[in-house]
Amino acid sequence: MSQRSLKVSILSINYQPELIGIAPYTTGLAAGLAERGHEVTVLTGYPHYPSWRRRGDAEPFRSEEILDGVRVRRFRHPVPRRFSWFGRAVMEVVFGLQVCTSRWGRPDVVICVTPPLLSAAMAVLRARLTRHRPAVGVVVQDLYSRGIAETGATSGITAVTLQAVESATLRMADGVSVIHSGFGADIADNLNVDRDKIRVIRNWTHIEEPVPAASDAFRRARGWSPDDVIVLHAGNVGYKQGLENVIEAAVLAEQTGERVKFVLIGDGNQRRVLERDAAGLRSVQFLESVSEDQFPAALGAADLLLVNERPGVAHMSVPSKLTSYFQAGRPVVAAVEPRGYSACEISAAGGGVCVVPGRPDLLLAEVLRIAGDRHLATELGDSGRRYSRDTLQDVHSLDSYARWINSLASLSPDRA
C-alpha cells in the first residue's frame, strides 16, 4: 500500500511538556507522523500529570501553538485534587465536551488515545456521526475496565457500565492499536472486538542512554554514598503503584541496619500520604521530578530500578517506565503479579527479577541479593539494554503507526 499525505487529528488529554506516562508516546506519534509528511493536529489538555495539579490558574479556556511541526490545540478542563473515580469522570467528560464542541476541519483519520476512556468514547461517537466521516482509530495505552476491576476503584453497575462503554468504543472504531499482545487477546475475548481490527504496536524507548559522568554527578549532588544501595522508583506515585509496600521495605532495612535507600522521583495523588508515612525514615527519599535532560542521569545514578504494583494489578497496563529502565542498563526489581504483563515484559527482556507484590520482606531480600552480586546486576542491566535496542526503538513503532493510519484512511467512505 502506497503512503500518502493525510490530515490526521490525534485526541489525547496528555501531551508534552508532560514527561512520563502516556504523553511522551502521543507526542512522539504526532511528531513522527508530521516528519513523515502528514498534516497533524493534536487536541489535548493542559499539563497536569502526574501531580494532578494544573501548573497555574492562568491558562486560557482554549489555546493553540505549533510544536515540532504539529498544530497543538489545548482545552481547559478540571483536575481532581484527590483520588476519586467521580473526579476523574468529571475531568474526562468536560475534556470530551471541549473536544467534541470544537471544529475539527475535515481530517482523513481521527486517532483517539485511551485513557481517558469517556472522552475517547465521546470523540469516537462524534466522528461516526460526522457527515464527511473520517476513519477512526483508537490507541489503547491502558485497559480501562481491567483497571477498574483490579484496583477496585468502583464496582457494581458503574463497573459494568464502564466495561460496556469501553467495548462499544473499541467496536465502533475502524481499527484498534494496543501496546501489548495481551491487550489484544483481552479486548477480543472480553470486549468482543473483532480480532482483524486489532494491531499490536509497541511503545518505545524515548530517552538516551545515561552518560556515566552525568550519573556520577547526579549521585554526588544528592549525597548518596558509594556504599549506599540506591533503589530508584521513577514516575507516577499513585494508587495503582501501591508504594506503601516500599515504605514497609524501608522500615525493614532500617531495622536490620542495611544501607539501602529507596528513592521516589516524581509526583502523584499518593505522594503526600507516603511522605507522611515515611516521616523520620532515613532509608526513604522523595525527589521532585527532574527535567528531560536530567532523567537519564537520574536512572543511571541508581543501583537498581524499581517497579511496584498493588496486589491484584496484573493486566490493566504495562508500566511506561520500563522502556526507560531497560535503556538505562540498570537491573530492575519488580514487586508485581507473577502472571501479569509487567512480569511478562521483564521476563522477555531478561532485565530484572520479580517478587510477589505486597511482601516488603521479599522485596528487600531481592534488592540485597542483586546488590551483592555485581556479575548478576551487570548481566541483568546489559540484557535490558539489548532488549531496548532490539525491540523498543521508536523508528520501528512510528513506521508501524504510519502504515496503520494509512490503512485506516483507505476505510473511510470519503477516501475509499
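Of note, P24 does not satisfy the criterion of being crowded, with 17+ Cβ neighbours inside 10 Å, in a loop (DSSP other than H, G, I, E, B) and of a type outside the set (K, R). Return yes or no: is V138 under 13 Å from V193 (Cα atoms) and not in a helix (DSSP H, G or I)? Answer is yes for this residue. Do we find that L363 is modelled with pLDDT of 95 or more, in contact with a helix residue (DSSP H, G or I) (Cβ under 6 Å, 6 or more places away or on another chain), in the same structural domain as R128 (by TED's automatic domain parsing) and on the phi < 0 side of the Ramachandran plot in this structure? So L363 does not fit the description; no. Restricting attention to the stretch 93-109, the residues being surrounded by 24 or more Cβ atoms within 10 Å (Cβ to Cβ) and either on the phi > 0 side of the Ramachandran plot or in contact with a Leu (Cβ under 7 Å, 6 or more places away or on another chain) (or both) number 3.
Rundown of residues vs (1) assigned by TED's automatic domain parsing to the domain that holds A121; (2) under 19 Å from the mean Cα position of the chain (by Cα); (3) surrounded by fewer than 18 Cβ atoms within 10 Å (Cβ to Cβ); (4) modelled with pLDDT of 95 or more, yes/no style:
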site	(1), (2), (3), (4)
R133	yes, no, yes, no
V139	yes, yes, no, yes
L143	yes, yes, no, no
A159	yes, no, yes, no
V178	yes, yes, no, yes
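Of the residues in the stretch 110-117, none is over 23 Å from the mean Cα position of the chain (by Cα), in the same structural domain as A23 (by TED's automatic domain parsing), closer than 23 Å to L33 by Cα and not aliphatic (A, V, I, L, M).
Which ones in the stretch 39-58 are in a strand (DSSP E or B) and under 24 Å from the mean Cα position of the chain (by Cα)? Across the stretch 39-58, the qualifying residues are V40, T41, V42, L43, T44, G45. Looking across the stretch 334-352, the residues that are charged (D, E, K, R) and touching a helix residue (DSSP H, G or I) at 6+ places or on another chain (Cβ under 7 Å) come down to E337, E345. Of the residues making up the stretch 226-255, just one is at pLDDT below 95 and of a type in the set (V, I, T), namely V237. Determine if the stretch 251-260 includes at least one residue that is under 26 Å from the mean Cα position of the chain (by Cα) and surrounded by 14 or more Cβ atoms within 10 Å (Cβ to Cβ). No, that holds for no residue.
Does S51 meet the test of being free of Cβ contacts under 8 Å to residues at least 60 places away in the same chain, out of contact with any helix residue (DSSP H, G or I) (no Cβ under 7 Å at 6 or more places or on another chain) and surrounded by fewer than 20 Cβ atoms within 10 Å (Cβ to Cβ)? When the stated conditions are applied, S51 does not pass them. Within the stretch 322-339, residues that are more than 15 Å from G312 (Cβ to Cβ) reach partners that are basic (K, R) and surrounded by fewer than 24 Cβ atoms within 10 Å (Cβ to Cβ) with beta carbons closer than 8 Å, at six or more positions or on different chains, in the pairs F326/R385; Q327/R385; A328/R385; G329/R385. The residues of the stretch 195-214 that are surrounded by 13 or more Cβ atoms within 10 Å (Cβ to Cβ) and under 22 Å from N406 (Cα atoms), listed by number, are K197, I198, R199, V200, I201, R202, N203, W204. Against the numbered list (1) in a helix (DSSP H, G or I); (2) touching a Phe, Trp or Tyr at 6+ places or on another chain (Cβ under 9 Å), N406 comes up short only at (2). For the stretch 287-317, residues that are closer than 20 Å to R219 by Cβ and surrounded by 17 or more Cβ atoms within 10 Å (Cβ to Cβ) total 14.
The values are calculated or read from the model by the stated rules, or taken from the named source; none is laboratory data. Computed from a predicted model, the values in this text were never measured in an experiment. In this analysis, Cβ positions are derived from the backbone assuming ideal geometry, glycine residues included, and neighbour counts consider all displayed protein chains.
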